[in-house]
Structures are given as structure tokens and as C-alpha cells.
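See structure below.
The values are calculated or read from the model by the stated rules, or taken from the named source; none is laboratory data. Quick caveat: nothing in here was measured; it's all calculated off a predicted structure. Every residue, glycine as well, gets a Cβ built from its backbone with ideal geometry; the counts of neighbours run over all protein chains shown. For the accessible areas, the whole protein counts, side chains as well, though only heavy atoms, and no ligand, DNA or RNA atoms are used. Shrake-Rupley method; radii C 1.70, N 1.55, O 1.52, S 1.80 Å.
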Amino acid sequence: MSAKLQWIQDEIKNLRDSGLYNQIRTIGSSQGAWLVVDGKRTLNFCSNNYLGLANHPRLVQAAKESVDLYGVGPAAVRTIAGTMGLHVQLEERLAGFKGVEAAITFQSGFNANLGTIPALVGKGDVIFSDELNHASIIDGCRLSRAQIVRFAHCDPGDLERALSEHRRNFSRALIITDGVFSMDGDVAPLDKIYEVSRPYEALLMVDDAHGEGVLGRGGRGIVDHFALHGKVDVEVGTLSKAFGVVGGVVAGNPVVVEWLRQRGRPFLFSSAMTVPDVAACLTAVEILEESTALVDRLWENTSYFKEEMQRLGFDTGRSVTPITPVMLGEAPLAQQVSRALFEKGVFAMAIGFPTVPRGKARIRVMISAAHGKDDLDQGLEAFARVGSNLGVID
């Protein structure tokens, strides 16, 4: 090993020794309630496939047909020769679905945040950011070079304190919060955040990656959930979770969307979403517009699983969404529980530092509309046995 790389080897060893090394498993099947993982058929409690659309036959067929018509790759960025009719259709349909005037798509939700935040604020401006915001928000804030002021998690009162102390010192201001927090499953009090923000002339932005397809009427998201249409300037989302495909979206004020077409760097400098992805996303929107059945089933499954886990004695944290953290404390225990569950045919990965704070390691269970009651019961039985064997529950 070269001496100049030895520090990396040392850091990797430290990760292994402390139980923080990510053991990446390999999927050998389509997404669904069950997966083939490292060659083994397992119950899927890991994927963000909230509505079971990732392998939905209508999405698969739409992707296949689009390839026959348009090929595979766009071969250009959107601003040169990469904008196809399907891209325009998707943005119009997403805007309609979200109840906003305009939308723009990016290659991923991560890219949407990286492109949007630096386009709206820069050096000499200020960002007020929830302390538990997603890594993509954190990175977007850093790229902007704006001053970052963190406020206490889901605490409108602390946001108001921060605004009163700092807002007057900067020309432009942006308030950012996740809608649904991906590790804990709690929901931002967006209605109260909006009320606090009103006197301060600050743009309000929410990252609704885990809220779209989950919250609101038929999965229209957190803005719909709180009836804040026209009051939130920027809604960022992803098409890789409830929509089952890949891509990011920014929806809201048409002036913001127009500006992002001119200054959103991933939009300007990275090739567009591929044709089959766009076609599949369009079909996902169609399915959600047709019926609330999948969203309803998702919430039925969520209520049942959480109630049973709590009855067994597990700590599921503060979640009020399908994200169900099983709180375990230390990373080595979480990894041990994950391995034991896998041996019993349940794929549920451990999550530890730096994704969550030290001492807050957990198994994060992702409930889906694709799960049947028998699937959930099988998972509950595995958790009960593993939890009892390892002393997590009595």
C-alpha cells in the first residue's frame, strides 16, 4: 500500500472496528415486497418504494415503448439538445399534480438541491436551515457560500429567534426544511414555519422527497397536507421514492423555475434524465391521479406495522409516517440485529453515524403499499425473535 493512501486504510479499519463500516449488499431482482439479496430471497424492509411502483407493469411498459420511439440517452444537456417532448410533458404534469404554476426536473433529488440553493442565495446572503436537514441540503448550502444559521429541529420558535437576530444583517434570505425527515419519519410543522417566516421577507423552501406520494391528497405532498398552496416558494422533490423511478423536481413559483432554467448548474451542465425514466415517471403521475388506492394501502400498512412493533416493545421513535425507525442506540448492536434479521429472511439495514448521530443507531424499516399483511406478519415475527434473542425486548 502506498504511504500516501495509508491514512485511508487506517480510516477504513477504524470504521470496521467501531461497527460503522457500510456492508453494501447486492440486489439481484426487481424492487418489490420481496428481493433477491446476495443470492437470497428476503422480505424487503429497506427500499423507498413507498407505493410499489418501481416494478409496476405500466411503468415498465411505458419505459420499453419510449425506448423504441426515442432511444435511450438524451445525449445532451437540457439547454443544448437534450430537452425532449417527454421532459416538457412531465414538468407540466408534475406542476398540475402539485397544484403549482411551474416545475423543472433534474437528474436526481440531490441534484435538485445542489442546483436550487446556490441559484437563490450566495455570498452576502443567509440561509436558515433545520439542524437535521438532509445531506443534499447541507451540501447545497455550503456550495452557495451564504451564511448558514441552523435552527432547532422542527422548532418554529427557534427559527423566529434566529430570524429576529440575523435576518436584518443580510440582503436575501432562504428558509429551508425537509418535509418528512428521512431518518426519524417526523414531519416539519410547515404551517407554523410559514407563519413565522412571513414578516421577514425570506424565501421558503421545503424538500418533500419523502412526502410526495405519501402526504396530502392522493400523495400530493406536504404543501397540500397543510393547505399551503401558493405560500411556499420552492418545493423540491424526488422521483426515486414514491414515484418508483429516478430524478428530481423543483415546483412552485414560476419565476423561480424560470431562473433555475438559466442558472441551475446540474440542469445546465449535466445530461438530461433518460427517456425511459421520464416515460415511467409520467405513468407514475397518471396512476396517482387516477386513484388514491396505493396511498391508502400504504397508510393502512404503516398503522398496522407500527402498532404491532410498539406492542412488542420496540421503540419506534417519533415517526408519524411510513418511515419506521427501530431505535437501538449503538451501531454494533444495530448491525448485529440487521445480520440476525437477514438470517431469518428479512432485509433491514442498520443505520449509524454519520447518517444519524452517535448513540442513535437504528434499523430503519420502510413500509410499502406493496406489502401484504402476511409479509408484515412475517417481518414482525422475525423482529420479535431477534429482539428477544439479543435482549432488545423482553
For this session: Those residues that are of a type in the set (G, A, S) and closer than 17 Å to L94 by Cα, I need them from the stretch 251-278; list them, please.
Result: A251, G252, A272
Seminar exercise, completed: T324 fails exactly one of (1) outside any loop (DSSP other than H, G, I, E, B); (2) open to solvent by 50 Å² or more (accessible area, probe 1.4 Å); (3) in contact with a strand residue (DSSP E or B) (Cβ under 9 Å, 6 or more places away or on another chain), namely (2)
Exercise. Which condition number in (1) of a type in the set (G, A, S); (2) assigned to a loop (DSSP other than H, G, I, E, B); (3) crowded, with 24+ Cβ neighbours inside 10 Å is the one that S319 fails?
Worked result: (3)
Problem set entry | Meets criteria (of a type in the set (A, V, I, L, M) and under 30 Å from L59 (Cα atoms)) for A103 | yes
Exercise. Looking at A370, A331, which is the one that is among the small types (G, A, S) and either under 24 Å from Y304 (Cα atoms) or within 19 Å of the chain's Cα centre (by Cα) (or both)?
Worked result: A370
Problem set entry | Contacts under 8 angstrom Cβ, first residue in the stretch 55-82 being closer than 21 Å to S368 by Cβ, partner of a type outside the set (F, W, Y) and in a loop (DSSP other than H, G, I, E, B), 6 or more apart | N55/S30; N55/Q31; N55/G32; N55/G244; H56/G244; L59/L53; L59/G244; L59/V245
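Conditions (1) modelled with pLDDT under 95; (2) of a type in the set (S, T, Y); (3) in contact with a helix residue (DSSP H, G or I) (Cβ under 9 Å, 6 or more places away or on another chain), marked per residue:
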site: C281; (1), (2), (3): no, no, yes
site: A284; (1), (2), (3): no, no, yes
site: A293; (1), (2), (3): no, no, no
site: Y304; (1), (2), (3): no, yes, yes
site: L312; (1), (2), (3): no, no, yes
site: S319; (1), (2), (3): no, yes, yes
site: T324; (1), (2), (3): no, yes, yes
Problem set entry | Those residues of the stretch 52-61 which are surrounded by 21 or more Cβ atoms within 10 Å (Cβ to Cβ) and either among the small types (G, A, S) or over 27 Å from the mean Cα position of the chain (by Cα) (or both), in sequence order | A54
Exercise. For the stretch 70-84, what are the residues that are assigned to a helix (DSSP H, G or I), surrounded by 13 or more Cβ atoms within 10 Å (Cβ to Cβ) and not basic (K, R)?
Worked result: Y70, T79, G82
Problem set entry | Search result, residues across the stretch 12-34 that are more than 28 Å from R297 (Cα to Cα) and open to solvent by less than 60 Å² (accessible area, probe 1.4 Å) | I12, S18, G19, L20
For this session: Find the residue count for the stretch 335-352, including only residues that are more than 22 Å from the chain's Cα centre (by Cα) and either over 19 Å from H371 (Cα atoms) or open to solvent by 20 Å² or more (accessible area, probe 1.4 Å) (or both).
Result: 8
Seminar exercise, completed: Residues of the stretch 85-102 being farther than 30 Å from I138 by Cβ and buried (at least 20 other Cβ atoms within 10 Å of the Cβ), in sequence order, are L86
Problem set entry | V206 in contact (Cβ under 8 Å) with a residue 40 or more places away in the chain and crowded, with 20+ Cβ neighbours inside 10 Å | no
Exercise. Could you list, in sequence order, the residues of the stretch 103-120 that are open to solvent by 20 Å² or more (accessible area, probe 1.4 Å) and either out of contact with any strand residue (DSSP E or B) (no Cβ under 8 Å at 6 or more places or on another chain) or closer than 23 Å to F226 by Cα (or both)?
Worked result: L114, P118
Exercise. Here are D125, D191, D186, D155: which of them is surrounded by fewer than 20 Cβ atoms within 10 Å (Cβ to Cβ) and touching a residue at least 60 places away in the same chain (Cβ under 8 Å)?
Worked result: D186
Exercise. Could you count how many residues in the stretch 262-294 are surrounded by 15 or more Cβ atoms within 10 Å (Cβ to Cβ), assigned to a helix (DSSP H, G or I) and touching a strand residue (DSSP E or B) at 6+ places or on another chain (Cβ under 9 Å)?
Worked result: 5
Seminar exercise, completed: The number of residues in the stretch 1-35 that are part of a helix (DSSP H, G or I) and β-branched (V, I, T) is 2
